[in-house]
Amino acid sequence: MDASGIIPDIIDEKPGAAAKVVYHGGVNVEFGKELTPTQVKDQPEVSWEAEDGALYTLLMVDPDAPSRQEPSYREALHWLVINIPGNKVSNGQVVADYIGSGPPEGTGLHRYVFLIFKQEQRISAEKHIPKSSLEGRLNVKTRDYISKYNLGNPVAGNYYEAQYDEYVPTLMAQFK
């Protein structure tokens, strides 16, 4: 994550371990590997080494919106789940529904970063951002979440890169 600029673009410290991220069809996320928006359109399975009884937060962001050269929307929120017991993501509270990669045509590769944080306590969040909404997804800051929820450094993480493909217009059409 150092070589990719994720540190210092969105976090200050490297995650303690790699998160395992697997998309439909056995497509694995490997640090910096290029995947297509078509491959990552559906919510992946995410796992990490979790402590018994601990709660976790899963955050997925694109720090390169609308492009890496001009990241004026840094960061775009793609997924946020809080109060995950252990690494059972499906049992956590979804704050922002998963949306896949949708880099605009001609903007090159975007980084899509998964970060897992161990929570000190249960987090309260009333807001829910549906899959069809961009409201609350642009100009978010991982560091703001870390500060607001006292999350500390990420315990696990991973990322891939993606650029425009023919699925992007379909993804963009879902936003109202």
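The values are calculated or read from the model by the stated rules, or taken from the named source; none is laboratory data. Every value quoted in this text rests on a predicted model; they were computed, and no experiment measured them. We place every Cβ from the backbone using ideal geometry, glycine too, and count neighbours over all the protein chains shown. Just the protein is used for accessible areas: all its heavy atoms, side chains included, with ligands, DNA and RNA removed. Shrake-Rupley method; radii C 1.70, N 1.55, O 1.52, S 1.80 Å.
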* Asked: From 99, 82, 129, which residue is among the hydrophobic types (A, V, I, L, M, F, W, C) and touching a helix residue (DSSP H, G or I) at 6+ places or on another chain (Cβ under 9 Å)?
  -> 99
* Structure fact -> Residues in segment 25-76 that are part of a strand (DSSP E or B), closer than 19 Å to residue 140 by Cβ and of a type in the set (Asp, Glu) total 1
* Between a first residue in segment 125-137 that is within 17 Å of residue 63 (Cα to Cα) and a second residue that is open to solvent by 30 Å² or more (accessible area, probe 1.4 Å), which pairs have beta carbons less than 9 Å apart while being 6 or more apart in sequence or on different chains? -> 134/175; 134/176; 136/127; 137/73
* Asked: Restricting to segment 12-45, what's the tally of residues that are open to solvent by less than 10 Å² (accessible area, probe 1.4 Å) and among the polar types (S, T, N, Q)?
  -> 0
* Asked: When residues of segment 46-88 are filtered for being open to solvent by 20 Å² or more (accessible area, probe 1.4 Å) and at negative phi, how many remain?
  -> 17
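Taking segment 120-176 on its own, how many of its residues are among the polar types (S, T, N, Q), part of a helix (DSSP H, G or I) and surrounded by 13 or more Cβ atoms within 10 Å (Cβ to Cβ)?
The total comes to 2.
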* Asked: Is it true that some residue in segment 89-103 is surrounded by fewer than 18 Cβ atoms within 10 Å (Cβ to Cβ), on the phi > 0 side of the Ramachandran plot and out of contact with any strand residue (DSSP E or B) (no Cβ under 8 Å at 6 or more places or on another chain)?
  -> no
* Residue list for segment 53-91, filter: within 17 Å of residue 114 (Cβ to Cβ) and acidic (Asp, Glu) -> 62, 64, 75
